[in-house]
Amino acid sequence: MLFFTKSIFSFAQWEGENYKPVKVIEKQKVSLSNLKEQKTQDLLERLKKLKNGEKLVIPNGEYKDLGIIKIKQNNIKISAENPGQVIFSGKVQILISGDCNVFSDFIFVKGGPANSSGIICLLGNENKIVNNSFINFNIHDEKESDWITLKGSKNKILNNYFEGKTKRGQIIVINKNLKKQDKHIIAQNIFKNHKSEDSILKNEANGWEAIRTGTGKTALHRNSEIEILYNLFINMDAEPELISVKSSNTLLKGNTVISSIAGITLRQGRDNVVEDNVILGMEKEGTRGIRFYDKGHVIRNNYIEGLRGKGNATGGLVSATGVIDTKNGEESQNKIISQWTPNNILIENNSFINSEQNILYSDKIHSPNKRDNLVVEKVYPGYNLYFKNNLSYEENPNNYALIGAEDMNPLDSEYENEVYFGKIKGVLNLPKGIDRNKPFLKRKQGILIEENKNIGAKNLLILTENIIGPNYKIEN
């Protein structure tokens with residue numbers, strides 16, 4: 001019996017559409033080679049004297065080893081004389097505990113975070129980090145360090161550029177606010193060339209996510225209402241998880257992922273929405289799409305093409321296994337569960353095109369604690385999943401439209417108006433509601449669509465660097 005009803009999905013009033021790019025950005029070309037070194041101490045003195053509501057425009061040039069700068073004031077704006085013409089190098093950390101501040105237009109290069117908390121830490125509320133660039137900022141003595149840390153509430157990370165992080169730690173990490181909803185927005189940023197220090201670890205590494213929202217301890221604590229909108233990710237190869245969602249009521253909308261081994265993972269937390277995203281593997285080995293655990297999610301109108309990931313936890317769409325038999329009423333005595341069993345999830349109008357494993361029902365056995373070699377005795381498949389209007393299209397006879405796990409396939413699930421063209425294995429009796437006939441597809445605005453039927457993803461925007469990110473471009 002299927003318990004899914006549309007009424008269980010009551011989401012927040014998102015701001016997502018407000019951040020959809022509408023035009024090409026006129027990007028000013030900037031060169032870093034001719035910038036003069038400025039007196040760091042003079043800048044530090046000016047920062048100390050800032051009062052609430054004031055503006056500080058920092059003269060063009062390079063400022064070395066600023067150390068830890070604490071911004072406790074409210075309603076101040078700190079910006080560069082010209083966007084992209086102020087460099088912060090050496091050891092630096094911007095610690096903002098005040099509210100309603102704006103920090104914009106700077107370039108962080110030739111240095112690293114002053115401590116493991118990151119380059120910028122937002123502890124206050126309603127602050128904005130806008131139009132900055134963070135490039136190869138890895139020179140520090142910490143074993144791991146994040147780049148941006150978010151606490152507080154209603155902070156925004158907008159139109160920034162992140163490239164070349166190699167040391168362990170997230171590019172952006174949200175440490176959940178336990179007193180109120182997070183409501184942070186991460187939008188229109190560019191993330192590129194993310195690799196772990198040891199490239200051999202890229203398929204098993206942990207702690208190199210581009211974005212992580214929360215932790216296992218806080219995933220079920222309050223609805224977060226975090227929004228991750230219209231960001232571009234290129235060559236993100238540090239570990240399997242690109243965006244690791246460990247929060248509830250989180251929206252991932254309109255993002256584009258290109259040639260990346262890391263994928264989107266609904267890791268811990270409930271009632272999250274993943275919609276209107278485009279993932280293009282470009283036939284790169286190890287690339288992956290969307291993997292989900294726990295319950296109440298909506299995965300809708302995503303387009304995934306050309307992935308080349310293999311194994312029992314990799315594919316265009318992966319229904320993971322859980323370690324708790326919630327279907328039969330088992331409850332965890334420990335709420336910090338790494339693998340909650342997927343259930344009550346709506347999966348509609350997605351396209352999975354010509355990937356090695358378009359759709360995968362996983363049978364992976366989990367280790368609840370990666371610090372030891374123990375594994376759980378039994379895992380459980382997802383249940384009460386509702387598949388509707390999805391397209392899985394696979395032309396290559398060596399690849400699969402669907403790989404099942406035989407006795408570990410989703411239970412009590414429904415399939416309505418599904419089209420799966422290509423090889424299928426691991427499913428003894430194909431459920432009703434799946435059409436195996438070849439659809440007529442046409443490439444339009446970069447994606448393959450079926451124009452005459454309500455199947456698959458449509459009306460999507462593939463992001464490029466000229467419509468999001470900073471309003472300047474650095475010349476080599």
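The values are calculated or read from the model by the stated rules, or taken from the named source; none is laboratory data. No experiment lies behind these values; they were computed from the predicted model shown. FYI the Cβ positions are ideal-geometry reconstructions off the backbone, even for glycines, and counts take in every protein chain you see. We work out accessible area using only protein heavy atoms, side chains counted, and drop any ligands, DNA or RNA first. Shrake-Rupley method; radii C 1.70, N 1.55, O 1.52, S 1.80 Å.
Per-residue counts of other Cβ atoms within 10 Å, averaged by peptide: what ranking do you get for 445-451, 251-257, highest first? Working shown, then result.
Numbers: 445-451: 15.9, 251-257: 24.7.
Most protected by this proxy first, the peptides run 251-257, 445-451.
Per DSSP helix of 4 or more residues, -39500 (n - 2.57); summed, then divided by the residues of the chain. What does that give at 222 nm, rounded to the nearest 500?
Values: 1 runs with 9 residues, N = 476.
Helix-only estimate at 222 nm: -500 deg cm²/dmol.
Past the 31 Å Cα-Cα mark, which pairs from Lys27/Lys154; Lys176/Lys295; Lys77/Lys195; Lys91/Lys195; Lys167/Lys364; Lys39/Lys179?
Numbers: Lys27/Lys154 28 Å; Lys176/Lys295 20 Å; Lys77/Lys195 33 Å; Lys91/Lys195 21 Å; Lys167/Lys364 28 Å; Lys39/Lys179 41 Å.
In this structure, Lys77/Lys195; Lys39/Lys179 lie more than 31 Å apart at Cα.
Given the whole protein assembly as supplied and a 1.4 Å probe, what does the accessible area of Arg168 come to in Å², nearest 10?
90
Counting only other residues whose beta carbon sits under 9 Å from that of Lys176, what net charge do I get with K and R as +1, D and E as -1? Spell out each step's value before the answer.
Working: positive: Lys151, Lys217, Arg222, Lys246; negative: Asp182.
Computed value for this residue: +3.
Got a sec? What order do Glu81, Glu465 fall in by accessible area at 1.4 Å, biggest, i.e. largest, first? Display every interim value, and only then the final one.
Numbers: Glu81 100, Glu465 65 Å².
Sorted descending by solvent-accessible area, the residues read Glu81, Glu465.
Determine, for each peptide in 72-78, 264-270, the mean count of other beta carbons within 10 angstrom over its residues, then list the peptides with the highest first.
My ranking of the peptides, most packed first, is 264-270, 72-78.
Can you sort His140, His221 by solvent-accessible area, 1.4 Å probe, largest first? Intermediate results must be reported in sequence, preceding the final value.
On the way: His140 15, His221 70 Å².
So, going from the largest accessible area down, we get His221, His140.
Give the residue list of GluC sites (Glu not before Pro) in region 16-61 that are DSSP loop and have at most 16 other beta-carbon atoms within 10 angstrom. The partial results should precede the final answer.
Working: sites: Glu17, Glu26, Glu37, Glu45, Glu54; in loops: Glu26, Glu54.
When the GluC sites (Glu not before Pro) of region 16-61 are filtered for loop state and at most 16 Cβ neighbours within 10 Å, Glu26, Glu54 remain.
What whole-number value in cubic angstrom gives the convex hull volume per residue for the C-alpha atoms of region 224-290? Before the final figure, lay out each step's value.
Values: hull volume 4.5 nm³, N = 67.
Measuring per residue, one finds 68 Å³ for the Cα hull of region 224-290.
Among bridges DSSP assigns within region 70-144, what percent are antiparallel (round to 5)? Display every interim value, and only then the final one.
Numbers: 0 of 18 bridges.
Expressed as a percentage, antiparallel bridges in region 70-144 total about 0.
For the chain, what is the charge dipole size about the Cα centre, in debye to the nearest 20, if Lys and Arg each add +1 at the Cβ and Asp and Glu each add -1 at the Cβ? Please report the intermediate quantities before stating the final value.
Working: 65 positive and 56 negative charges, 246 e Å.
Computed charge dipole of the chain: roughly 1180 debye.
Please compute P(r) over all alpha-carbon pairs of region 21-145, binned at 10 Å starting from zero, and give each bin as a whole-number percent.
Calculated P(r), rounded to whole percents: 13, 45, 34, 9, 0.
State, as an integer percentage, the relative contact order of the chain based on alpha-carbon contacts under 8 Å between residues 6 or more apart. Intermediate values should be presented prior to the final figure.
Working: 1513 pairs, mean separation 54.5, N = 476.
In percent, rounded to a whole number, it is 11.
Taking the full set of protein chains and a 1.4 angstrom probe, give the accessible area of Lys473 in square angstrom, rounded to the nearest 10.
My reading of the accessible area for Lys473 is about 130 Å².
On a C-alpha basis, how far is the centre of region 276-331 from the centre of region 38-70 in Å? Whole number, if you could?
45
Based only on Cα atoms, what mean projected area does the convex hull of region 345-476 have, in nm²? Spell out each step's value before the answer.
Working: hull surface 52.4 nm².
Convex hull of Cα atoms, orientation-averaged projection: 13.1 nm².
What does the charge count near Leu44 come to, summing +1 for each Lys or Arg and -1 for each Asp or Glu among other residues with Cβ under 14 Å from its Cβ?
Working: positive: Lys39, Arg46, Lys48, Lys49, Lys64, Lys70, Lys91; negative: Asp42, Glu45, Asp65.
The answer is +4.
If you take every DSSP beta bridge fully contained in the chain, what fraction is antiparallel? Give it as a percent rounded to 5. Could you put the intermediate results ahead of the total?
Details: 4 of 132 bridges.
Bridges in the chain are about 5 percent antiparallel.
Using alpha-carbon pairs under 8 Å, 6+ residues apart, how would you state the relative contact order of region 148-227 in percent? List each step's numbers first, then the result.
On the way: 146 pairs, mean separation 31.8, N = 80.
RCO, region 148-227: 40 percent.
Pairs of alpha-carbon atoms within less than 8 angstrom and 6+ residues apart define the contacts here; what relative contact order does region 1-141 have, in percent? Don't jump to the answer; show the numbers that get you there.
Working: 282 pairs, mean separation 25.4, N = 141.
About 18 percent, as a whole number.
Lys and Arg at +1, Asp and Glu at -1: add these up for the other residues within a Cβ distance under 10 Å of Asn417 and post the number. Before the final figure, lay out each step's value.
On the way: positive: Lys388, Lys453; negative: Glu348, Glu416, Glu418, Asp435.
Every neighbour counted, the sum reads -2.
Of Glu62, Glu144, which has the most accessible area and how do the rest follow, probe 1.4 Å? Show your work: numbers first, answer last.
Details: Glu62 20, Glu144 90 Å².
Largest to smallest exposure gives the sequence Glu144, Glu62.
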